[in-house]
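The values are calculated or read from the model by the stated rules, or taken from the named source; none is laboratory data. All figures in this text were calculated on a predicted structure; none of them were measured in a lab. Virtual Cβ from ideal backbone geometry, glycine too; neighbours counted across all protein chains shown. Areas reflect the complete protein model, heavy atoms only, side chains present, ligands, DNA and RNA absent. Shrake-Rupley method; radii C 1.70, N 1.55, O 1.52, S 1.80 Å.
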Amino acid sequence: MKRIVFVVLICLPVLVAAQVKVADTVIQLNAIEISGTRTGLSLAGCLSEKVDSTKLIRSSNLGEALDNMIQVQVKSNGVSGSSSLYLRGTSSVHNAVFWNGFNIAFGSLGSTDMSLLPAILFDKAIINYGGAASQFGSGVIGGSVNLNNIAAYNKGINAAFLLEKFSFNNFSVSGRAGFSNKKLAVTTAVSFVENENNFRYNNIYKEKDTLTHARFNQISVLQQAGYKTGKNSEIKAGWWYYDAFREISPTLLVPENDQNQHDNALRGFVEYAFTPGLWNLNIKAFLNDEIMIFTSKQAGINTSYHLKSSQIEANAKRIIGRFAIAAGIQQRFQRADVPVYKSDVNESQMALFSSFEYTSFSSKFSTGLYARHDFQSDYNIPFCPSLGLKWMPLKKLEIGASVSKNFRLPTLNDRYWVPGGNPDILPENSWNQDISIKYSDKNADSRTAYFITLSAYNMHINNLIQWVPVTATIWSPVNRDKVWSRGVSENSTIKFTGSKFAHSISTSYTFSLSTSGASENEHFQLIYIPLHKAGAEYTFGYRKFTAALMWHFIGKRFTTTDNTSFLPTTNLADLELKQSLQSKDLHFDLFFTVKNLFNTDYQMVAGYPESLRYFSFKLIVQYLNSLHNENQ
Amino acid sequence: MKISNLILLFLSAFILFSTSCTKDNPSSSGKYSSGVFVINEGGFGSANGSISFLNRDSSSVETDIFLAANSRPLGDVVQSMTIIGDKAYIAVNNSNKVEVVNLADFKSVAVIQGITLPRYIVQVSDIKAYITTWDTAVYILDLGTNTISNKIKCEVGPDVMYKSGKDIYVLNSGGFGTGNTISVINSQEDSIIKTIVVADRPAGIVADKNGLLWVLCGGKGFNGWPAADDSKGALLAIDPTDYSVKRRIDFPETGIHPDKLVANKTADKLYFLYNNGIYSYDVSSNGSTFTKVRDVNNAYGLGFDKNTELIYFSNPLNFTSNGWVYRVKENGILLDSLQAEIAPSGFFFN
């Protein structure tokens, strides 16, 4: 017992690499995740994509890595503005980001600001595509990003250090250190970011200019610990703090801007897992305290949000032969102290969830039936079932399919904003269908390996919530259009490994048709969702030297709902050089990256400048044992 | 020839040429010499404000004429346009600038930067103009150099203006808050000589056929969203000879707020937006009765074209797609509708 208390109290701050904000719209995402049950968030038959650890290290941030992955887009409102995740042609409110299994969406906005996510060395980040309300509730329609950090035991000491500097005044330093023995695993990570974002860009007169008022500073600290209380039991705890200040960058047509935003959050959780025999019992609690303040002296704006939420969850799983049956209950409380709402908001929500899974003896076939029902006094939330199956007719071939019902509750702003909030607004709901095919192979001498993933999705979102002008000066959310989102994607890699040389080629392509309209005859593509998105990467390796050339293609994106205005297609290229060194227990990776290699003048959001060609220098130092850990 | 005859000939020639010069309007030549300019605000922060040009004869609409002429976008939130001589002055609110273009071809001749949230521009003399800003000041613009020469400190949110002789009436709307005064500026001395208390949120001012200045005040609050501290709108008549309020008509409800004010060609009827409709008021009446001209939905801009005696109003739809402009006869009958651009909010009739 004393040991348990000791573990909880000692919770060394896990330093979370503060996100390093790059000059383009890519958001760096560092993940420190505390492992636990229901954190995999992957349902049978659903397509999942693990963010490769080498790609994470190579990319300036996770957002950059995510943006090259199938069906993912990260969009920023300017280099120092908030950043949103778009999966499968849906909007940011239709996707969720989980930390240790807890949805960390900002309650007033219904989405997670990717620019604030901790940015340090990932143990694991997984993208799960498709709906998952049957297990995880509101807001998981397009998919989710699951941030996890594995509390690995008996690995000894591990440490990593990351230093990055851009050719303009952007600088970040982050570090992580951990220790684990047979019973105890502790990790601490800290990150500090100071980005001036004073990059060069072309102004509207096509003259070179330097961006001002786009500073972004952040400090993040995350600490987590796990302790094995017994042979089959474990307790974990962690907390995460960040404080960020940003100057909202001006646009091409608004050269001066005095808008600022301050974000601050403290989160913590504790979890107890007990696995006696064929049972898996888990109980966990989560606390979240967030503040956001937006100011503009010129506009006379000083808007503050203070949100507090707590969640407690218990679930039990029993394995019976080839079957696994699980059930759980979740209770969530939320309080909002937001002056513009004119009154404090207190809400509570309960959910019951269950699953029934079967895996064949040969593991070639598995299926899962999931269900969840959320209860909240203001709404009649639909019952959400899903069915998924996975089949491996060949050892190298995997076919997955799923169908699910999903929903999304209105945000606090939708309901309480004054003027305009609509307390009668209804939740959105959707039906999703997904199918995927994965194939992987290697030749006899294992020198050549192939991976290819094909997927298709189809979803209908009903009661879409849209803010519309109900009078000339008042906007209000209404349940209006339907959205029909469908698409196909491809992602493939070929690797050749020789005695001295190595090559790999990766390609990806996504076609996303996401349309909506006030009537059946209207089919407008959602704004900022490109019809076509593609990428390719060639990597050459010689001994400990690696060179990679990356190409990104983003198709035309409409910027108005009637599709009369658009941003043109964008082609970008990056070049990365890496030299690795080994010295006893230390491993060094030195990166030199040329971003926007061909000095392309482009916009990701209409009116917001993007950096012309710039350079990045990065040093990663890892303690050897940590390499061993990451390769597990 | 006798000297007297030469003098007479010279004087005749002088009179002839000076008369012809004053008849000639420098702005009467060029592509945009006659027509209707539609001010499209664009979405806030979306950098898609623009100006459309409507040819009265063909009813054709030319879109984004600034971009077409200058190969660059106009800016963020286009607020208003004023023609002074052969130039057009365009207040681009959120871009904190005033663009100056040749009216003939809309090519840019100057950009006046560093003006915080400009709203409206009025020429006050041959050499200067006033620019209202929500920087709580009226900026003095030197028309010769197109530079700001000075500022006149005002109350909060100086907005629409009206020139009456050497007096400039500045409506202090309150900006992002609520104002309830009019500052009268002596344009020769560039100083405020009188402050007139009206009602909350003065929004429009026109002169009637009798020389009275009518001011429409919207009242505090938002249409359809009543709050405890809302106030009623009002229509007031000011005598410019002594700056006194001669008449005041209060609107009946606090939750419904009037907006925009224009006068017809003979200045005996006022038109404004109110309660999902266009309403009129006969200035000759002594009553307080407003007459509905026509039901309108989501009307945002209002104008009156004295050339054709048509009422113009606009519907911005959802502020993220092209809006519409409607032309209505004074009896309320719809003539036609024309597609504009993002968030059409105002008109300038040339």
Quiz item: Among the residues of the stretch B:176-193, is there at least one that is out of contact with any strand residue (DSSP E or B) (no Cβ under 6 Å at 6 or more places or on another chain), farther than 22 Å from B:P158 by Cα and among the hydrophobic types (A, V, I, L, M, F, W, C)?
Solution: no
Practice problem: Kindly provide the set of residues from the stretch A:520-550 that are open to solvent by 60 Å² or more (accessible area, probe 1.4 Å) and over 16 Å from A:M604 (Cα atoms), ordered by number. | Solution: A:E520, A:N521, A:E522, A:H523, A:F524, A:Y538, A:Y542, A:R543, A:K544, A:F545, A:L549
Exercise. Six or more apart or on different chains, Cβ under 7 Å: which pairs go from a residue in the stretch B:36-48 that's more than 14 Å from chain A (Cβ to nearest Cβ) and touching a residue at least 12 places away in the same chain (Cβ under 8 Å) to one that's open to solvent by less than 20 Å² (accessible area, probe 1.4 Å) and of a type in the set (F, W, Y)? Could you list them?
Key: B:F37/B:F53
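Okay, residues lined up against (1) assigned to a loop (DSSP other than H, G, I, E, B); (2) at positive phi; (3) open to solvent by 10 Å² or more (accessible area, probe 1.4 Å); (4) modelled with pLDDT of 90 or more:
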{"site": "A:F588", "(1), (2), (3), (4)": "no, no, yes, yes"}
{"site": "A:V594", "(1), (2), (3), (4)": "no, no, yes, yes"}
{"site": "A:F598", "(1), (2), (3), (4)": "yes, no, yes, yes"}
{"site": "A:Y602", "(1), (2), (3), (4)": "yes, no, yes, yes"}
{"site": "A:A606", "(1), (2), (3), (4)": "yes, no, yes, no"}
{"site": "A:S611", "(1), (2), (3), (4)": "yes, no, no, yes"}
{"site": "A:S626", "(1), (2), (3), (4)": "no, no, no, no"}
{"site": "A:N629", "(1), (2), (3), (4)": "no, no, yes, no"}
Quiz prompt | Failed condition for B:R327, given (1) free of Cβ contacts under 8 Å to residues at least 24 places away in the same chain; (2) more than 14 Å from chain A (Cβ to nearest Cβ); (3) open to solvent by 20 Å² or more (accessible area, probe 1.4 Å) | solution = (3)
Exercise. Output the residues belonging to the stretch A:272-290 that are of a type in the set (S, T, N, Q) and farther than 12 Å from A:K236 by Cα.
Key: A:T275, A:N280, A:N288
Quiz item: Among B:D142, B:D190, B:D200, which is out of contact with any Pro (no Cβ under 8 Å at 6 or more places or on another chain), over 28 Å from B:F304 (Cα atoms), touching a residue at least 24 places away in the same chain (Cβ under 8 Å) and open to solvent by 30 Å² or more (accessible area, probe 1.4 Å)?
Solution: B:D190
Exercise. Read through the list (1) buried (at least 18 other Cβ atoms within 10 Å of the Cβ); (2) within 14 Å of chain B (Cβ to nearest Cβ); (3) farther than 22 Å from A:S108 by Cβ, then give the number of the only condition that A:K297 fails.
Key: (1)
Practice problem: State whether one or more residues within the stretch A:252-263 are open to solvent by less than 50 Å² (accessible area, probe 1.4 Å), over 30 Å from B:G157 (Cα atoms) and more than 14 Å from chain B (Cβ to nearest Cβ). | Solution: yes
Quiz prompt | Residues that are within 13 Å of chain A (Cβ to nearest Cβ), surrounded by fewer than 23 Cβ atoms within 10 Å (Cβ to Cβ) and aliphatic (A, V, I, L, M), drawn from the stretch B:88-111 | solution = B:V111
Practice problem: Look through B:G114, B:G157, B:G85, B:G144 and report the one residue that is more than 14 Å from chain A (Cβ to nearest Cβ), at positive phi and not aromatic (F, W, Y). | Solution: B:G85
Quiz item: Pick from the stretch A:137-159 the residues that are hydrophobic (A, V, I, L, M, F, W, C) and open to solvent by 20 Å² or more (accessible area, probe 1.4 Å): which of them is farthest from A:H460 (Cα to Cα)?
Solution: A:I157
Quiz item: Got a sec? Which of A:T411, A:T453, A:T493, A:T497 is away from chain B (no Cβ under 14 Å), polar (S, T, N, Q) and within 30 Å of A:S343 (Cα to Cα)?
Solution: A:T411
Practice problem: Residues being in contact (Cβ under 8 Å) with a residue 40 or more places away in the chain and buried (at least 17 other Cβ atoms within 10 Å of the Cβ): count how many of those fall in the stretch B:302-315. | Solution: 8
Exercise. Check A:I474, A:I452, A:I461, A:I505 and return the single one that is among the β-branched types (V, I, T) and open to solvent by 70 Å² or more (accessible area, probe 1.4 Å).
Key: A:I505
Quiz item: So, in the stretch A:264-279, of the ones that are assigned to a strand (DSSP E or B) and open to solvent by less than 70 Å² (accessible area, probe 1.4 Å), which residue ends up farthest from A:A225 (Cα to Cα)?
Solution: A:N264
Practice problem: Hey, could you check the stretch A:456-476 for residues that are touching a residue at least 40 places away in the same chain (Cβ under 8 Å) and under 26 Å from the mean Cα position of the chain (by Cα) and say which is nearest to the other protein chains (Cβ to nearest Cβ)? | Solution: A:W467
